[in-house]
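The values are calculated or read from the model by the stated rules, or taken from the named source; none is laboratory data. Since the structure is predicted, the reported quantities are computational estimates derived from the model, not experimental observations. Quick reminder, even Gly has a Cβ in these numbers, built from the backbone with ideal geometry, and neighbours come from all protein chains shown.
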Amino acid sequence: MTTTEFVLTLSCPDRPGIFAAVSGHLAARGDNVLEAQQFGDTETGRFFMRLVFQPLPSEMMLVRRQADFSVIAGPFDMQWQLRDRNERHRVLLLVSKFDHCLVDVLYRWRIGELPMEISGIVANHPRETYRHLDFDDIPFHYLPADAASKDAELWALIQQSRTDLIVLARYMQVLSSTLAAKLAGRCINIHHSFLPGFKGARPYHQAHRRGVKLIGATTHFVTAALDEGPIIEQDIERVSHHHTPEDMIRIGRDIERRVLARTLRLYLDDRILLNGNKTVVFSS
């Protein structure tokens, strides 16, 4: 039998009494707190919290619990979410020609490492491009890069598929500022360099010309400003003068895969909270 666990995440202006109000609210209902993490940002003056708790059998109705908590959240001006941990996020994967991140995500999903529902795969190349991949029954959508109604079609697809999170798994197309605004806080990009860094085309060739000694990858939330969204996760590898651009691309692919996988695990477990142009990431 699956145990019911709720996860509560919140942020609000920092002031005394927040933790006491939240913990007292849960204690009054007999909830058993399993995890508790908090952070007060002295620079932004905001408070962040993530709690995982088991409710009593009589207190398991999520809608009622959400209504109850709104009474606590109001006076503190909280931005919050209360979610049943057993309910899986619906994720839409966007991909271009380079499919190494897509392949890795599908593998980790199939073995149960990434507990999510894949609502579809969107590509700007025909399905034949990925004929070596087994998509099972995952809906596949071909959306050409030059389609005049690309953004409108993508937005309609996101709504129709009830998608929670959009992942640009090396999707080499720029989303319009209008669409990026609609997807604020729920669209993640894996960037093929260690941001801030070498932007635009052929980043590893740029890095090679500059003789870099570290290369990496970055995940960030997508915003209207290209590659300037809040950074979530990063990783690096050392390189030297022996490495060619092709070596760097090979090393970079490995970094991109693991950075995106870590980011997805964090997001799916509600561990990433926006903090202006930064993020608060509660590690597991």
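General observations
- Out of 84, 99, 134, 77, sole residue that is in contact (Cβ under 8 Å) with a residue 60 or more places away in the chain and over 30 Å from residue 29 (Cβ atoms): 99
- Scan of segment 48-63 for residues that are surrounded by 17 or more Cβ atoms within 10 Å (Cβ to Cβ), of a type in the set (A, V, I, L, M) and out of contact with any helix residue (DSSP H, G or I) (no Cβ under 8 Å at 6 or more places or on another chain), ordered by number: 52
- Single match in 130, 107, 142 (criterion: exposed (fewer than 14 other Cβ atoms within 10 Å of the Cβ) and assigned by TED's automatic domain parsing to the domain that holds residue 266): 107
- Checking each residue in segment 1-47 for being surrounded by fewer than 17 Cβ atoms within 10 Å (Cβ to Cβ), β-branched (Val, Ile, Thr) and in contact (Cβ under 8 Å) with a residue 40 or more places away in the chain picks out 2, 3, 4, 44.
- Residues located in segment 154-193, provided they are closer than 21 Å to residue 107 by Cα and of a type in the set (Val, Ile, Thr): 163, 166, 167, 188, 190
- Selection from segment 149-174 of residues that are under 19 Å from the mean Cα position of the chain (by Cα) and at pLDDT below 90: 172, 173, 174
- Residues in segment 212-240 that are among the β-branched types (Val, Ile, Thr) and surrounded by fewer than 22 Cβ atoms within 10 Å (Cβ to Cβ): 212, 223, 231, 236, 239.
- Test: residue 179 is under 26 Å from residue 271 (Cα atoms) and surrounded by 13 or more Cβ atoms within 10 Å (Cβ to Cβ): yes
- Among all positions in segment 233-255, there is at least one residue which is more than 25 Å from residue 181 (Cα to Cα), in the same structural domain as residue 172 (by TED's automatic domain parsing), touching a residue at least 60 places away in the same chain (Cβ under 8 Å) and not aromatic (Phe, Trp, Tyr).
- Only one of the numbered conditions (1) among the hydroxyl-bearing types (Ser, Thr, Tyr); (2) at pLDDT 90 or above; (3) loosely packed, with under 15 Cβ neighbours inside 10 Å is violated by residue 284, and that is (2).
- Residue match in segment 263-274 (condition: modelled with pLDDT of 95 or more, β-branched (Val, Ile, Thr) and outside any loop (DSSP other than H, G, I, E, B)): yes
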